[in-house]
Amino acid sequence: MLHTISGRIVSKNTDSIIIEVGGLGLFAYTNTQTLSSLPDEGGEAKIFCHLFVREEKFELYGFHNEEELRFFEILNSVAGVGPKTALGVLNMDRVPNIMAAILEKRVDVLTRASGIGKKTAERIILELQSKIKLPTNHASSKEMDLNNDVEDILVGLGYTRGDVRAVLQTIVEKETIEERLRHALRELGSTK
């Protein structure tokens, strides 16, 4: 099966890329973190892949690193969570922060993802509690809460949720909501 693909980025869209490999243009759905980490069109990239087969349809999902791919596959193992819903969860934040929310049983955080209601969030928490472990650099859902607050403020100011989430992925050491907001506004301002 496919595990990685290396090639030239032909196009980047809001939720997908086309990567050219040996003369073939492969379409892959992806998340905001991967999109923000890939080079611009024409650049060379390597993505980690998951081929989803549904009756008569094949869909390719690509990720910047193996951690995102593995977590995507774990999410897909939960009853009622398909690949698009799993992407919605991955679009919320970095993998360790999402794992922290699951381990802390934060239904309110998970329901912020596109396609996730309360029952699905509870099912994700129930099924994944014993399957995931946080990396040693202790992530927590507190960071997600801060990012969610900044996201709500910036969306209220007219920025798109996808652009805001991509910028928030770059914030690592900003502790307060004010520092995160300043950083995000600076980054969003430089992309316009």
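The table below lists the values:
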| item | result |
| --- | --- |
| Failed item in (1) modelled with pLDDT of 90 or more; (2) of a type outside the set (D, E, K, R); (3) under 20 Å from VAL167 (Cα atoms), with PHE72 passing the rest | (3) |
| Criterion (outside any helix (DSSP H, G or I) and among the β-branched types (Val, Ile, Thr)) met by exactly one of ILE102, ILE116 | ILE116 |
| THR85 vs. criteria part of a helix (DSSP H, G or I) and either outside the structural domain of LEU35 (by TED's automatic domain parsing) or within 25 Å of PRO39 (Cβ to Cβ) (or both) | yes |
| Filter pass, PHE58 being among the aromatic types (Phe, Trp, Tyr), more than 20 Å from GLY162 (Cβ to Cβ) and touching a residue at least 40 places away in the same chain (Cβ under 8 Å) | no |
| Scope the range 1-51; condition hydrophobic (A, V, I, L, M, F, W, C), in a strand (DSSP E or B) and either in contact with a His (Cβ under 8 Å, 6 or more places away or on another chain) or loosely packed, with under 13 Cβ neighbours inside 10 Å (or both); matching residues | VAL21, LEU24, ILE47, PHE48, CYS49, LEU51 |
| Given (1) of a type outside the set (Ser, Thr, Tyr); (2) touching an Asp or Glu at 6+ places or on another chain (Cβ under 9 Å); (3) modelled with pLDDT of 90 or more, index of the condition GLU41 fails | (2) |
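One line per residue, one yes/no per condition, for (1) among the aliphatic types (A, V, I, L, M); (2) closer than 16 Å to VAL109 by Cβ; (3) assigned to a helix (DSSP H, G or I):
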| position | (1), (2), (3) |
| --- | --- |
| LYS142 | no, yes, yes |
| GLU151 | no, yes, yes |
| LEU154 | yes, no, yes |
| ALA166 | yes, no, yes |
| THR170 | no, no, no |
| ALA184 | yes, no, yes |
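A quick yes/no check of all residues on (1) modelled with pLDDT of 95 or more; (2) within 23 Å of LEU146 (Cβ to Cβ); (3) in contact with a Lys or Arg (Cβ under 6 Å, 6 or more places away or on another chain):
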| position | (1), (2), (3) |
| --- | --- |
| GLY23 | no, no, no |
| PHE27 | yes, no, no |
| VAL53 | no, no, no |
| GLY88 | no, yes, no |
| ARG94 | no, yes, no |
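The values are calculated or read from the model by the stated rules, or taken from the named source; none is laboratory data. Note that the structure is a prediction, hence the values are computed from the model and not measured. Don't worry about glycine lacking a Cβ; one is built from the backbone with ideal geometry, like all the others, and counts go over all protein chains shown.
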